[in-house]
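See below for the structure under consideration.
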Protein chains: 2
Amino acid sequence: MNLEEVAKRAGVSTATVSRVLNNIDVVRNATRVKVLRAVQELNYHPNLHARTLAGGKSRTLGMIVSNMENPFFFDVFRTLEADARLQGYDVFLANTDYRPEQLTRSIRLMIGRRVAGLAVVVSEMDADLIQELTNSKIPTVFYDVGTATRNISNIRVNYRRGIEQVVEYLHSLGHRKLAFIGHHSALGPTSEREQAFLDTVSRYAPGAEWRTAADQDGLEGGRSAARELLATGFRPTAIICVNDFVAAGVLRELRQHGLRVPQDVSVTGFDNIKLSEFCCPPLTTLHIPRDRIGHLMFQFLAPETHTGKPPGKEIMIDPELILRESTGPAASE
Amino acid sequence: MNLEEVAKRAGVSTATVSRVLNNIDVVRNATRVKVLRAVQELNYHPNLHARTLAGGKSRTLGMIVSNMENPFFFDVFRTLEADARLQGYDVFLANTDYRPEQLTRSIRLMIGRRVAGLAVVVSEMDADLIQELTNSKIPTVFYDVGTATRNISNIRVNYRRGIEQVVEYLHSLGHRKLAFIGHHSALGPTSEREQAFLDTVSRYAPGAEWRTAADQDGLEGGRSAARELLATGFRPTAIICVNDFVAAGVLRELRQHGLRVPQDVSVTGFDNIKLSEFCCPPLTTLHIPRDRIGHLMFQFLAPETHTGKPPGKEIMIDPELILRESTGPAASE
DNA sequence: TTGAAAGCGCTACCAG
DNA sequence: CTGGTAGCGCTTTCAA
């Protein structure tokens, strides 16, 4: 089933069918009607590959995330996709599950599809891959990794500042035994997040004891990490979690151990995903505006469709401390 | 950047480059090396559209879901994608947000991309669309909607049986004032789920009072619906939720109202998503094996890659009652 | 083992 | 307003 068959059936040329399908309004109305009828009758669906190939342009954006299961990523995707759709773009989603080989594969796939723009929201990026993307000339926006170049923009969150706010706050509440729970890819040697925690503790809470632990991202990961942490015998009065998703798992494990939050131990998250308000108790966390990030990404990737001025090449977002019920004064010994 | 440039640089024909890139091992090794070097140096990425167009085949599956935010859908996707990748397929994901026009758009898009197979995991399907898919000849598998035909398979969950188990169980615990909380698309006039609830109540719990409410799918939706329900003054001793995601929101609202679960009111979910174990209290729910569903979908869509016999055209899955702490005996008046 | 060339289905330009 | 046709970049015979 192709243009030619439709053309034949409608008694016109393929060029005309193409015009009708692309809403080019030089076509006489009677002709248009004939064509549309033929399309209907034949249940014709234009081959998008042929279209893209012939047209040269793509009208498709790509987005790569580490873990769609974490609502944080979904929220960004949702906004990006909504903006995109409004301008007639589609968005391809790829999920890497924190696996580097999957990341490589996905990036190659996106380049192969000649996406009009690519949003990469993953924890870690290999330098070679960044180079590959740079060479590809595809407008790209990274979240929290890489550096801006000709075709690459950057959105980052001032994670360090967020951690500082939390450590300061907990310190002011009297907490002196702290723990940080991350997930494996956020707790590598190079991790900004773990480093931010360590630096901040030694600066704002010099006398404090601390411990770190990590497992996977997610509920189960948070739970395991908490279990592991408690198994060491260390009894923190406050646990700082790399994100809300992990924190929700931590809360569960603490409950299991009969530890009350916040009376026995305070817990904080990061991101302010919807789930954080639904935890029990609701999480003290740091808000990161996912919708703003999604909008910015679209602007970076499709600047021509946007009226305002381009936002520049690099944007830093400050998280905002949200106090809820999972934190309180340190229990006196 | 295209095959020809690579061919020129490597001093061979485009046909040879194509052979190398497709791992057709008639190519002499020296030649292969030359080609691969050229590919490297030029940072060449084959145009996937051209490839699909020329090759005729697609090696890509599509999946359409109503709400990727609900972990249920993500779990199915994860399994399907893993199976697919193992066999060299990619999976396109589309999210409809429960919007019919989005569904239509996504289906057309998938047909236009000539996907090798399509999994449709949405709540409601218009008959015309089903027809369109049937005509398209694309191997398709529906979840919980439609009927099997030549190219369409079907996986359904015996939702009714699940609801029966829950209602019976609650009835046996002495509950006589029941409520059902759905989400809009699950509570339409045609909804199997609401209907299952109503039928079952009148059959297993004839004297029981009942009420239904609904909002969006998700945490916030569950919460609103619960708020609305309580605002009517009705005080159910048990609330049956359309799924776990909604139930988690319901729990939150009950807590807000000072209602203890399960002492004051029992709550049940459906799906047994990971989150259900992390709620407070953990949810009594009905298990639906998402991994099995994902595997089955892949088998339906790419039977040739699978060794075992094809599973037939239609499969019914029975949910399994999982008892946790969110249910208990009805409070005496 | 390699090359030449005919499409795949569509768009876009040039005529008419 | 409509038709003819040259590609888009790749795969796949058919020959060599």
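The values are calculated or read from the model by the stated rules, or taken from the named source; none is laboratory data. Keep in mind the model is a prediction, meaning the values are calculated, not measured. Positions of Cβ are backbone-derived with ideal geometry, glycine not excepted, and every protein chain shown enters the neighbour counts.
Restricted to the stretch B:99-132, and to residues there that are assigned to a loop (DSSP other than H, G, I, E, B) and small (Gly, Ala, Ser), the residue that is nearest to B:LEU61 (Cα to Cα) is B:ALA116. Only one of the listed residues (B:ARG255, B:ARG223, B:ARG227) is within 14 Å of another protein chain (Cβ to nearest Cβ), in contact with a Phe, Trp or Tyr (Cβ under 9 Å, 6 or more places away or on another chain) and farther than 22 Å from B:VAL167 by Cβ. That residue is B:ARG223. Annotation note: of A:PHE74, A:PHE92, the sole residue that is of a type in the set (Phe, Trp, Tyr), out of contact with any strand residue (DSSP E or B) (no Cβ under 6 Å at 6 or more places or on another chain) and under 19 Å from B:PHE77 (Cα atoms) is A:PHE74.
Residue by residue, here is whether (1) in contact (Cβ under 8 Å) with a residue 60 or more places away in the chain; (2) in contact with a Lys or Arg (Cβ under 7 Å, 6 or more places away or on another chain); (3) more than 19 Å from B:GLY218 (Cα to Cα) holds:
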site	(1), (2), (3)
B:ASP244	yes, no, no
B:GLU253	no, yes, no
B:HIS257	no, no, yes
B:ASP264	yes, no, yes
B:PHE270	yes, no, no
B:MET297	yes, no, yes
B:MET316	yes, yes, yes
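Given the condition more than 19 Å from the chain's Cα centre (by Cα), among the charged types (D, E, K, R), within 14 Å of chain A (Cβ to nearest Cβ) and surrounded by fewer than 21 Cβ atoms within 10 Å (Cβ to Cβ), answer yes or no: does some residue in the stretch B:297-317 qualify? Scanning the stretch B:297-317, I find no residue that is more than 19 Å from the chain's Cα centre (by Cα), among the charged types (D, E, K, R), within 14 Å of chain A (Cβ to nearest Cβ) and surrounded by fewer than 21 Cβ atoms within 10 Å (Cβ to Cβ), so the answer is no.
Take the stretch A:74-96 and flag every residue that is more than 10 Å from chain B (Cβ to nearest Cβ) and either surrounded by fewer than 19 Cβ atoms within 10 Å (Cβ to Cβ) or not aliphatic (A, V, I, L, M) (or both). Quick ask: steps written out before the conclusion?
If we filter the stretch A:74-96 for residues that are more than 10 Å from chain B (Cβ to nearest Cβ), which is where we start, we get A:76, A:79-80, A:83-84, A:86-89, A:96.
Passing the criteria: A:THR79, A:ASP83, A:LEU86, A:GLN87, A:GLY88, A:TYR89, A:THR96.
In the set (1) within 15 Å of DNA strand C (Cβ to nearest atom); (2) surrounded by 17 or more Cβ atoms within 10 Å (Cβ to Cβ), B:GLY56 fails one condition alone, (2).
Residues of the stretch B:118-132 that are more than 10 Å from chain A (Cβ to nearest Cβ) and touching a residue at least 12 places away in the same chain (Cβ under 8 Å): B:LEU118, B:ALA119, B:VAL120, B:VAL121, B:VAL122, B:SER123, B:GLU124, B:MET125, B:ASP126, B:LEU129, B:ILE130.
Do the conditions hold for A:LEU48, that is, is it more than 12 Å from every other protein chain (Cβ to nearest Cβ) and under 20 Å from B:PRO46 (Cα atoms)? In short, no.
Determine whether B:LEU321 is of a type outside the set (Gly, Ala, Ser), over 30 Å from B:ASP90 (Cα atoms) and modelled with pLDDT of 95 or more. Considered against the rule, which asks whether it is of a type outside the set (Gly, Ala, Ser), over 30 Å from B:ASP90 (Cα atoms) and modelled with pLDDT of 95 or more, B:LEU321 comes out as yes. Taken over the stretch B:83-105, the residue count meeting the criterion of being more than 15 Å from the chain's Cα centre (by Cα), under 21 Å from B:PHE300 (Cβ atoms) and touching a residue at least 24 places away in the same chain (Cβ under 8 Å) is 6. Against the numbered list (1) modelled with pLDDT under 95; (2) within 12 Å of DNA strand C (Cβ to nearest atom), A:ARG99 comes up short only at (2).
Being within 9 Å of another protein chain (Cβ to nearest Cβ), touching a Phe, Trp or Tyr at 6+ places or on another chain (Cβ under 6 Å) and crowded, with 19+ Cβ neighbours inside 10 Å is a condition met by no residue of the stretch B:110-117.
Within the stretch A:51-65, being farther than 17 Å from A:ARG85 by Cβ and at the interface with another protein chain (Cβ under 9 Å from one of its Cβ atoms) holds for A:ARG51, A:THR52, A:LEU53. Looking across the stretch B:1-44, just one residue is more than 7 Å from DNA strand C (Cβ to nearest atom), more than 24 Å from A:LEU53 (Cα to Cα) and polar (S, T, N, Q), and that is B:ASN29.
Is it true that some residue in the stretch B:186-205 is farther than 23 Å from B:HIS171 by Cα, surrounded by fewer than 19 Cβ atoms within 10 Å (Cβ to Cβ) and modelled with pLDDT of 95 or more? No - not one qualifying residue is present in the stretch B:186-205.
All conditions but one from (1) of a type outside the set (Lys, Arg); (2) closer than 23 Å to A:ASN95 by Cβ; (3) without any contact (Cβ under 8 Å) to a residue 12 or more places away in the chain apply to A:GLU192; the one that does not is (3).
From the list B:VAL246, B:VAL261, B:VAL250, the lone residue that is among the hydrophobic types (A, V, I, L, M, F, W, C), more than 18 Å from B:SER172 (Cβ to Cβ) and within 18 Å of the chain's Cα centre (by Cα) is B:VAL246. Evaluating A:VAL265 against the criteria (1) more than 14 Å from chain B (Cβ to nearest Cβ); (2) in contact with a helix residue (DSSP H, G or I) (Cβ under 7 Å, 6 or more places away or on another chain); (3) within 30 Å of A:LEU80 (Cα to Cα) leaves one unmet condition, (3). Of all residues in the stretch A:133-151, those that are in a loop (DSSP other than H, G, I, E, B), more than 13 Å from chain B (Cβ to nearest Cβ) and hydrophobic (A, V, I, L, M, F, W, C) total 2. Checking every residue in the stretch B:81-96 against the condition of being in contact with a Gly (Cβ under 6 Å, 6 or more places away or on another chain), away from DNA strand D (no atom under 16 Å from the Cβ) and assigned to a helix (DSSP H, G or I) gives zero matches.
Among the conditions (1) surrounded by fewer than 24 Cβ atoms within 10 Å (Cβ to Cβ); (2) under 30 Å from A:ARG85 (Cα atoms); (3) within 14 Å of chain B (Cβ to nearest Cβ), the only one that A:PRO281 does not satisfy is (2). Residues that are touching a residue at least 60 places away in the same chain (Cβ under 8 Å), away from chain A (no Cβ under 14 Å), under 20 Å from B:ASP271 (Cβ atoms) and outside any helix (DSSP H, G or I) are absent from the stretch B:159-174 altogether.
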